[in-house]
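Take a look at the structure below.
The values are calculated or read from the model by the stated rules, or taken from the named source; none is laboratory data. Because the structure is a prediction, the values reported are computed rather than measured. Here the Cβ is made from the backbone with ideal geometry for all residues, glycine too, and neighbour counts use every protein chain on show.
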Amino acid sequence: MINKFFGKFSKDIGIDLGTANTLVYVKGRGIVINEPSVVAVNQKTGQILAIGNEAKRMVGRTPAHIVATRPLVEGVISDFEVTEQMLRYFINQVHKQTMAFLPRPRVVVGVPCGVTEVEKRAVEDAARNAGAREVYLIEEPMASAIGARLPVQDPAGNMIVDIGGGTCEVAVISLGGIVVSKSLRIAGDRLNEDIIRYARDEFKLLLGEKTAEDIKIGIGSAFEIDDTVEMAMRGRDLINGLPKEIIVDDSEIRQALSRSVKTLVNAIKTTVEQTPPELVADIMERGIVISGGGSLLRGLDKLVARETQMPVRVAEDPLTAVVRGCGIVLEDLEKVREVLVPNEV
């Protein structure tokens, strides 16, 4: 009864709780928050100093007692209390402009396909403790497919590949359910690590994570591109400890990323092999849709198309596909309830 009362003053929200970024959709308003999933904690006092963009600016630049951490690793919660604080911060941000002094929203949260019951429960508990009165979970590839406006409730095959920061989700969807799926712990973060490893092995250069990400975004590619592009790689020389700058081009970064990209493509091919033939015929006609930040890697769609012999397209605004899917579900919760993860009693 009390929850119902507070619910009248609360905005229902959809959350894409990502390893790299958290996006929040508010019913009737659209996407209102898109911030990094980073929290800065003072380890002496246990106090949380900053969340989101402010905390991201502190990564690699803090004194020893302040640690800027990501509470989610590979799509699942690794630090429960910090995740709870981060969710509470985002829920309060949403309700700042309203009169709600104690917001109790209904929340739809995207979770990776391969998560265990314990990991699902951790997300539910964190959202409830952060102030949600009802928590619904939706698998990320399903949310992404809905956000990309695929007809997921039709009796036909839709294939979605959602490449986020911590996980890559490959799924074939038909009749509002996932028929075949594969969840990999290889995504944007792993590509950054590949660049850091390549710089260390080839040039004896130690790079920071932010620098590696900038290089991936700047000149990273999965398929040969027409014009050679170059970028400066700045870090610390591992031999003499002094600053060092190396100019690298797209072919070198492509080589650095090649093993992880090949693993991703093989996962897509394996999923196609496991898909019933009728649905494969549908996918051949409709094509494969890729979404998430990883889909912006240059030439990835061309590589997947060549390897699978199927048409491939990148979803419109791929970075927000999951949260838009959560929002569409939120707008008509009763009608699309079957696409949600069933509650384990």
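Could you tell me which numbered condition ARG324 fails, if it satisfies all but one of (1) buried (at least 21 other Cβ atoms within 10 Å of the Cβ); (2) touching a strand residue (DSSP E or B) at 6+ places or on another chain (Cβ under 6 Å); (3) basic (Lys, Arg)?
Every condition holds for ARG324 apart from (2).
What are the pairs with Cβ atoms under 7 angstrom where one residue, in region 278-296, is farther than 27 Å from ASN34 by Cβ and the other, located anywhere, is part of a helix (DSSP H, G or I)? Sequence gap at least six, or different chains.
VAL280/VAL272
Results for (1) more than 18 Å from LEU23 (Cβ to Cβ); (2) acidic (Asp, Glu); (3) buried (at least 24 other Cβ atoms within 10 Å of the Cβ), shown as yes or no for each residue.
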{"site": "GLU124", "(1), (2), (3)": "yes, yes, no"}
{"site": "ARG128", "(1), (2), (3)": "yes, no, no"}
{"site": "SER144", "(1), (2), (3)": "no, no, yes"}
{"site": "GLY147", "(1), (2), (3)": "no, no, yes"}
{"site": "ASP154", "(1), (2), (3)": "yes, yes, no"}
{"site": "THR167", "(1), (2), (3)": "no, no, yes"}
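Based on this model, can you work out whether ASP125 counts as assigned by TED's automatic domain parsing to the domain that holds MET284 and either part of a helix (DSSP H, G or I) or under 30 Å from MET310 (Cβ atoms) (or both)?
No.
Taking VAL304, is it under 30 Å from GLU117 (Cα atoms) and surrounded by 15 or more Cβ atoms within 10 Å (Cβ to Cβ)?
It is false that VAL304 is under 30 Å from GLU117 (Cα atoms) and surrounded by 15 or more Cβ atoms within 10 Å (Cβ to Cβ).
Looking only at region 27-46, count every residue that is of a type outside the set (A, V, I, L, M) and outside any strand (DSSP E or B) and tell me the total.
The total comes to 8.
Can you go through VAL248, VAL280, VAL261, VAL272 and tell me which one is in a helix (DSSP H, G or I), farther than 21 Å from GLY177 by Cβ and in the same structural domain as GLU202 (by TED's automatic domain parsing)?
Within the list VAL248, VAL280, VAL261, VAL272, the selection yields VAL261.
Within the set of pairs 6+ apart or on separate chains, which have a first residue in region 19-31 that is over 21 Å from SER78 (Cβ atoms), a second that is part of a strand (DSSP E or B) and aromatic (Phe, Trp, Tyr), and C-beta atoms under 7 Å apart?
ILE31/TYR25
Select, from ARG313, ARG298, the only residue that is basic (Lys, Arg) and under 17 Å from LEU150 (Cβ atoms).
Criteria check complete, one pass: ARG313.
Return only the number of the condition from (1) within 18 Å of ASP301 (Cα to Cα); (2) touching a strand residue (DSSP E or B) at 6+ places or on another chain (Cβ under 8 Å); (3) surrounded by fewer than 16 Cβ atoms within 10 Å (Cβ to Cβ) that ALA232 does not satisfy.
(1)
Pick from region 256-300 the residues that are of a type in the set (D, E, K, R) and more than 10 Å from GLY157 (Cβ to Cβ): which of them is surrounded by the most Cβ atoms within 10 Å (Cβ to Cβ)?
ARG298
Which condition number does VAL341 fail, the rest of (1) touching a strand residue (DSSP E or B) at 6+ places or on another chain (Cβ under 7 Å); (2) modelled with pLDDT of 90 or more being met?
Single failed check for VAL341: (2).
Quick one: VAL341 ticks every box in (1) in a helix (DSSP H, G or I); (2) surrounded by 14 or more Cβ atoms within 10 Å (Cβ to Cβ) except a single one, so which number is it?
The number of the failed condition is (1).
Applying the selection to region 47-64, what residues are in contact (Cβ under 8 Å) with a residue 12 or more places away in the chain, on the phi < 0 side of the Ramachandran plot and assigned to a loop (DSSP other than H, G, I, E, B)?
MET58, VAL59, THR62
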